[in-house]
1. Collect the residues in the stretch A:168-183 that are touching a residue at least 24 places away in the same chain (Cβ under 8 Å) and surrounded by fewer than 18 Cβ atoms within 10 Å (Cβ to Cβ), keeping them in residue-number order.
2. Of all residues in the stretch B:34-45 being within 10 Å of chain A (Cβ to nearest Cβ) and in contact (Cβ under 8 Å) with a residue 40 or more places away in the chain, which is nearest to B:K108 (Cα to Cα)?
3. What strands (runs of 3 or more DSSP E) completely inside the stretch A:233-317 contain at least 1 residues that are open to solvent by 10 Å² or more (accessible area, probe 1.4 Å) and out of contact with any Ser or Thr (no Cβ under 7 Å at 6 or more places or on another chain)?
4. Which residues, taken from the stretch A:197-241, are among the hydrophobic types (A, V, I, L, M, F, W, C) and farther than 21 Å from A:W44 by Cα?
5. In the stretch A:140-167, how many are open to solvent by 20 Å² or more (accessible area, probe 1.4 Å), at pLDDT 95 or above and small (G, A, S)?
6. Every residue in the stretch B:1-22 that is part of a loop (DSSP other than H, G, I, E, B), over 17 Å from A:I241 (Cα atoms) and touching a residue at least 40 places away in the same chain (Cβ under 8 Å), please.
7. Could you run through the stretch A:76-122 and say how many residues are loosely packed, with under 13 Cβ neighbours inside 10 Å and among the hydrophobic types (A, V, I, L, M, F, W, C)?
8. Out of the residues in the stretch A:213-226 meeting the condition of being more than 7 Å from every other protein chain (Cβ to nearest Cβ) and without any contact (Cβ under 8 Å) to a residue 40 or more places away in the chain, tell me which one is surrounded by the fewest Cβ atoms within 10 Å (Cβ to Cβ).
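The values are calculated or read from the model by the stated rules, or taken from the named source; none is laboratory data. Note that this is a predicted model, so its numbers are computed, not measured. Cβ: placed from backbone, ideal geometry, glycine included. Neighbour counts: every protein chain shown. Protein only, heavy atoms only, side chains kept; ligands, DNA and RNA dropped before computing areas. Shrake-Rupley method; radii C 1.70, N 1.55, O 1.52, S 1.80 Å.
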Amino acid sequence: MAKTVVIVGGGVAGMTAASRLADLGEKVLLLEREEEIGGHLRNWDRLFPNRRPGSEVLHDLKETLGNRVEIRCNESPGEIHSLQSSFIVELESGEKITCDAVLMATGFDLFDARRKEEYGYGIYDNVITSADLERMLRSGSPVTTSAGKAPSRVGFVHCVGSRDEKAGNLYCSKVCCVTGVKQAIEIKEHLPGSEVFGFYMDLRMYDRHFEEMYYEAQQKWEINFLRGRVSECAENEDQSIVLKIEDTLTSRPLKMTVDLLVLLVGFVQKPETVRIAKLLGISIGEDRFLECLDEHTRFNYTGKPGIFVAGTSRGPLTIANTIADAGEAALQIHNYLKTLK
Amino acid sequence: MINFGYTAHKERLIDYDKNDKRVLEHLKKHEPSVLTCIACGSCTATCSAGQFVDFNIRLVQTLLRRGEIEPLKQEIRKCMLCGKCILVCPRGVNMRNLILAIQTAIDKLK
């Protein structure tokens, strides 16, 4: 079976690239290992900075895609063999697909918060991750502690698993800062009487509207931002959480009880992507993200002709940036295919 | 009694759960601009009093936020109300009114 392009991963990057390649008249096969396409976007309630429902963006992406490309769910590549100027993608089902180019749109995993044992995720019931909170918000049910009560004080811990040598991740995950601000506002919307804290090292409000959201969080929603990295947490008898932090603005240690603690988990590379990268002989960085030829102008090219990369498999990106990245990848692939003819 | 030279040190820990937030509540009503402080330190750098005495006006908002009333009382006494800090603040915090409103709130506590 011959296809022009095989896209590995049906998340935001894969869906976008598939649409653009279809626009350009290319024959595409989109592989998604989960039961449906959409990637992590399926789990997000509302998106920063305008808090548009994630489902709406997913719907848009799916609608643009239409039925112009072949999509295979519950399917991922086992082996990929390089030939002269083509590839054979061997699916886990055993089927072999010949193609001219492969796009790695494999996305990311969330940092496993249990690895930061000092925060007690998976040990204390009232320590949750930003993804858990997103699920809670998406369900439409009220935000509660594990005992089903409305929390009167909620804390957000920034940079969980990011900017952390101990976690093996020196990089910044970029989106957690603004996610923390967004979710803090959402807590205040649900529970106006609650007190909300963000514990941060730096707040990296780098993109348009982010700083304004931070300002709104402080001014309108009275959210407190306390500079310092939470060093450890312990559980009280009533299952509330006592945390220790240096209040670096007063240079003094600080102790505080919260009813719910949200860990803002960052991006990590998927082990499966590393496996495929090794198989293909494309390089990975010290941060385990896929390397591209050039960060400025050839960011969708791997070192290997015919193998392209888009989206968060090459580093942390927002959804908007992923869409732009994948669109560019499609154009670059289209140009590459022309050189083969 | 023999003096062995031991003294009890003052607790350095900020115990947020126990601290008094009444002054902060007063400020939320009377000078809400304080909530937007990003602790950049512009105010402290330009402060007239801070050039000569141990006064950090940036710290005032932090102490207020943490409910550290005793050090807050000591700190605001050092302000000369010149208002230079207001000119440099990137978030438009009205520091002069902040100091005065803190004093009013503290007086009310008595």
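1. Once the filter is applied, which keeps residues that are touching a residue at least 24 places away in the same chain (Cβ under 8 Å) and surrounded by fewer than 18 Cβ atoms within 10 Å (Cβ to Cβ), the stretch A:168-183 yields only A:L170.
2. B:V34
3. Working: elements: A:241-247, A:252-258, A:260-265, A:307-309.
It comes to A:241-247, A:252-258.
4. Step one: list which residues in the stretch A:197-241 are among the hydrophobic types (A, V, I, L, M, F, W, C), which gives A:197, A:199, A:201, A:203, A:205, A:210, A:213, A:217, A:221, A:223, A:225-226, A:230, A:233-234, A:241.
Selection gives A:F197, A:F199, A:M201, A:L203, A:W221, A:I223, A:F225, A:L226, A:V230, A:C233, A:A234, A:I241.
5. Total satisfying the criteria: 5.
6. Restricting attention to the stretch B:1-22, the residues satisfying the condition of being part of a loop (DSSP other than H, G, I, E, B) are B:1-13, B:16-21.
Pick out the ones that are also over 17 Å from A:I241 (Cα atoms) and you get B:1-13, B:19-21.
Residues satisfying the conditions are B:N19, B:D20, B:K21.
7. 1
8. Narrowing the stretch A:213-226 to residues more than 7 Å from every other protein chain (Cβ to nearest Cβ): A:213-214, A:216-217, A:220-221, A:223, A:225-226.
Now drop any that are not without any contact (Cβ under 8 Å) to a residue 40 or more places away in the chain, which leaves A:214, A:216-217, A:220-221, A:225-226.
On the way: A:Y214: 23, A:E216: 15, A:A217: 24, A:K220: 13, A:W221: 17, A:F225: 23, A:L226: 23.
So the residue we want is A:K220.
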